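These notes concern the structure reproduced below.
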Amino acid sequence: MPYLLQIAFGPVQDFIASARRSRDLYAGSRLLSEAAAKAAEHLASKARYENLIFPAPNNEQHFKQLSASGIPNVVLVRVDNDEDCEKLAREAIEAARAYIQSYAEKLLQPYQKQIDWATSQKQLDDLLEVYWACVRFEKEDDYAKARNRLAAALAARKNTRNFDPVAWGSSAPKSSLDGSRESVLAGTSEKWRLQQGIRPGEELSGVDLLKRLWPERSFLSTSHLAALPYLEGLEKQGQTQSLHFYLERLASQVGDLARVDWAHPVVRDTLLKDYDPRLLFEGRLGEFFEATDPRLEQARATLAEMYQALGRPEPYYVLLHADGDRMGAAIDHQSKQGAKAHRDLSNKLALNFAANVQGIVEKHKGCLVYAGGDDVLALLPLHTALRCAKALAGAFQNAMKGFGETQDPTLSVGLAIVHHLEPLQDALELVRRAEKFAKEGPKDTSPEQKRNALALAYSPRSGSERMVRGRWDEQPTLGQRLYRYQDLLRLEQIPAKAGYELRGLLNELGEAKGLEKAVLLEARRILGRKEMAKAYRDELSAWLRSPEDVARLSDELIIAKVLARAYEQARIPKENSEVYLAH
C-alpha cells in the first residue's frame, strides 16, 4: 500500500540571513541545499527517481542539473509501505547530517589549533532542524486528501518539536551573526583573522566560521556587483589596460591579499579574476591594512589617481528576491488529479524553471544564491537587474502554463538597490519587503491587481527609502518606464533634481483639496524647465493625469537617476528599442 513521506529541513530564513558578507549568505544557502540534496539523493536511490514528487527530476543527470541551482528544503516522496517510511526518513536525515559534518571537517579541521574545535563540532551536530511525517493513501483518488493530512501531520510535528539541552554552552562571547551560539575564536591572532576575512571585534561560532571559510571564489562579493558597470564601460572604451596598470600598482602596495583567483563565470574573463574588488573602493582599502600601516596612504593616493584618470565605480548593487504566485492553489488543483499530476507540475518547475535560473542570472552578470522551486534569491549589478527580473518572470510563466485551475501561477519579483557596504541583513530585510510589496501592492489594492508584479526599492546611503511597483501585464511596464526615464535624464531632457522637486510639491500641496489641477500644472512646469523636444514633453504629459501620477513619477525619477549613472557608466545604449523591450 503506498505512503507519502515528507521531510522538511531547517532552519531556513534566519539561518541564511545570518550573514555579514555575500559569502556567508551563499554558504548558508548552499549548506542547507546540499544537505537536502543528500537526503533527496538517498530517497531516490531507494524509492526510485520516478517516485520523487518534490523535487521531481527524471533521472540522476537531471538531479545534478537541479542541484547546481539548489534543492528546496522540503522533500516529498512516494514509498511502498510504512516500515520503509520510517527507515527511509531516518537514513535520509542521517545522510544530510553526515554531509554537514564531513564538509565541516574538510574546511575547519585544518584550523583546529586556532579555534575551539570541540565546540565547533557540537554546534554543527545540532545545526539541522529536521521534521518528517508519513501518511497512507489507498488509491490515486485519495492523493489530495492524503497530502492535506500529511501537511497537517508535519505542522503538528513542528509544533511539538524537541527542545534538547544545549551541548556547547560556555561563558565565551556570543556570535556576532546570530547572537545565540558561542564564539569559537578565543585565542586566534589578529593576523589569522584578517587572513580569513574576519573583521576586528567580530565573533563567529563554528557554524558561522564554516560559512566564512566556504570556498569564496565560487561566489561574488557585493563590491564585485557594484563594480561591474564600471568594468563593462571601461572595456567598451578600450581602457582595460589603463585599469590593469592601476590595479597592479594597488596590488603591489597591498600585498598578497590583493591577488586572488576568482572562479565565478561572471568575472572569469575580466580583470577582477585576478584582483580583489575591494581595491576599487576607497572605503574598503583599510580592510587590507592594520590601522598604523603607512602603505594605506600610498594605496589611497594611487586610487585617487585612478579615479582622476578613469572615474570611480558607483557603489550600488541589487538584491533580487522572487516567489511564485498562486502556487498553493495550482498544487491543490493538480493534487486532485493524483500524484502523477502533482509530480508533472514539480517536474516542469524543476527542469523548465529552477534548473535554468542560474543560467539566466549569470547571463545578466549576476550571482545566484538559491533557486528552490519557485523561490529565487540573487545578487545583480545595477545595469542588468531589471532585464534579469523580466527574464525570470517570463521563464516562470512559460514553465507553469496550464497548471492553474482558473489562473496560471505567475512570478512576483522584488528588487532592492543597496550600497555595497550596507549590512547584508538589512539588505535582505529590504528585498523581502519589496517582494511582499510586489505581491500585495499598496493599501487598498484590489485582489485582481495583486501579484504578478515587480517592485523596486532604493535605500540610499543617506536619505529616504523609495519603493515603486508595477504589474508585468501593464503597458509600459515599470522596467520600461524606468529605462525611458534614465534615457531622458542621460539626454538631459529632464532636470536632474526633478524627482525631488516633484516630491517637494506633493509635500506642500498634495493633501490640499481642490488643488489637483494646480498640482498637475506645477508638475509639468517643473519637468519643462529645460528646453525639451516636443515629443518628449508630450510623452511625459501623457503620464500625468492625477496627483497620484505625480507621486509615482516622483519616486520613479529618483530611482531612474541612480539607474542612469550605472547605465551611463556601463555605456548602455540610449533610446534603443531592443534594450527597451528587454525591460
Exercise for the section: Go ahead and collect, in residue order, the members of the range 30-48 whose backbone nitrogen is under 18 Å from a label point 7 Å along the Cα-Cβ direction of residue 91. Expected result: 36-48
Practice task
Identify unpaired cysteines across the chain, taking unpaired to mean no other cysteine Cβ lies under 4.7 Å from the residue's Cβ.
Solution key: 367, 388
Exercise for the section: For the range 475-501 and the range 341-414, compute the distance between their C-alpha centroids and round to whole Å. Expected result: 28 Å
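Just subtract the alpha-carbon distance of residue 475 and residue 533 from 0.36 nm times their residue separation and send over the number in nm, one decimal.
Working: separation 58, 0.36 × 58 = 20.88 nm, distance 2.29 nm.
Length gained, residue 475 through residue 533: 18.6 nm.
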Fill in the blank from the handout: Residue separation between residue 465 and residue 80 times 0.36 nm, minus their alpha-carbon distance, gives in nm 133.2 nm
Fill in the blank from the handout: Rounded to the angstrom and largest first, Cα extents along the principal axes for the range 446-583 equal 43, 42, 33
Problem - Dimensions in Å of the range 307-351 - Rg and Dmax from alpha carbons - result: 21.6, 66
Completion exercise
Computed over the range 279-368, the distribution of all Cα-Cα distances in 5 Å bins, rounded to whole %, is 2, 10, 13, 12, 9, 9, 8, 7, 6, 6, 6, 6, 4, 2, 0
Problem - Exposed GluC sites (Glu not before Pro) absent: longest stretch of the chain, with sites in DSSP loops and at most 14 other Cβ within 10 Å deemed exposed - result: 139-289
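Once fully extended, how much extra length lies between residue 235 and residue 156, figured as 0.36 nm per residue of separation less the alpha-carbon to alpha-carbon distance? Provide the component values of the computation, followed by the final result.
Details: separation 79, 0.36 × 79 = 28.44 nm, distance 5.73 nm.
In short, 22.7 nm is gained.
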Practice task
Rounded to whole Å and sorted largest first, list the principal axis extents of the Cα atoms in the range 408-451.
Solution key: 38, 23, 13
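In percent, how large is the relative contact order of the range 289-442, given Cα pairs closer than 8 Å and 6 or more residues apart?
Details: 216 pairs, mean separation 47.8, N = 154.
Relative contact order for the range 289-442 comes out at 31 percent.
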Problem - Cα shape, the range 36-143, gyration tensor, a/c 1.5 rule - result: prolate
Practice task
For the range 127-184, just the Cα atoms, rotate onto the principal axes and tell me the three extents in Å, largest first.
Solution key: 57, 21, 15
Completion exercise
hull vol. (C-alpha, convex hull) per residue for the range 179-274, Å³ -> 113 Å³
Problem - Alpha carbon Rg of the chain, scaled by the compact-globule rule 2.2 N^0.38 Å - result: 1.05
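Once you order the gyration tensor axes a ≥ b ≥ c over the Cα atoms, which shape class does the range 351-485 get: rounded for a/c under 1.5, otherwise prolate or oblate by comparing a/b with b/c? All intermediate terms of the calculation are to be shown ahead of the outcome.
On the way: a/c = 1.67, a/b = 1.20, b/c = 1.39.
Oblate.
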Problem - Per-pair calculated FRET efficiency, R0 = 56 Å: residue 516 and residue 274 via Cβ, rounded to 0.05 - result: 0.45
Practice task
Express in whole angstrom the spacing between the alpha-carbon centres of the range 132-157 and the range 213-271.
Solution key: 51 Å
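What relative contact order, as a whole-number percentage, does the range 129-271 give when Cα pairs under 8 Å and 6 or more residues apart are counted?
On the way: 92 pairs, mean separation 21.2, N = 143.
Once normalised by length, the contact order is 15 percent.
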Completion exercise
Taking N as the number of residues in the range 129-253, the ratio of its alpha carbon radius of gyration to 2.2 N^0.38 Å works out to 1.83
Problem - Estimated vicinal HN-Hα couplings, Hz - the range 532-547 in sequence order (Karplus 6.51, -1.76, 1.60; Gly, Pro = x) - result: 10, 4, 4, 4, 5, 4, 5, 4, 5, 4, 5, 8, 10, 10, 7, x
Fill in the blank from the handout: Phi-derived 3J(HN,Hα) across the range 43-50 with the Karplus relation (6.51, -1.76, 1.60, θ = phi - 60°), rounded Hz, x for Gly and Pro, is 4, 5, 5, 9, 9, 6, 4, 5
Handout entry: Under the Debye formula (equal points on every Cα, no solvent term), log10 I(q)/I(0) of the range 181-337 at q = 0.13 Å⁻¹
Key = -0.72
Handout entry: Estimated inter-spin distance, residue 295 and residue 406, nm [label 7 Å along Cα→Cβ]
Key = 6.7 nm
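May I ask you to list the trypsin sites (Lys or Arg not before Pro) in the range 188-278 that are in a DSSP loop and have at most 14 other Cβ atoms within 10 Å of their Cβ? Write down the numbers at each step before the final one.
Values: sites: 191, 193, 211, 212, 217, 236, 249, 259, 268, 273, 278; in loops: 268.
Those satisfying the criteria are 268.
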Practice task
Output the relative contact order of the chain, whole-number percent, from Cα pairs under 8 angstrom with separation of 6+ residues.
Solution key: 14 percent
Practice task
Quick one: which residues, 5+ away or cross-chain, put their amide H under 5 Å from the amide H of residue 369? H built at 1.01 Å from N.
Solution key: 377, 378, 379
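Taking only the Cα atoms of the range 244-320, how large is their convex hull per residue, in Å³? It would help to have the intermediate numbers written out before the result.
Numbers: hull volume 8.1 nm³, N = 77.
Per residue, the Cα convex hull of the range 244-320 comes to 105 Å³.
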Problem - Cα-based equivalent ellipsoid of the range 285-430: semi-axis lengths in Å, sorted from largest, via gyration tensor - result: 44, 14, 12
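Every number in this text was worked out from the coordinates using simple rules, so none of it is lab data. Predicted, not measured: the structure shown is a model, and the values here were computed from it. Cβ coordinates were reconstructed from backbone atoms using ideal geometry, including for glycine residues, and neighbour counts include every protein chain displayed.
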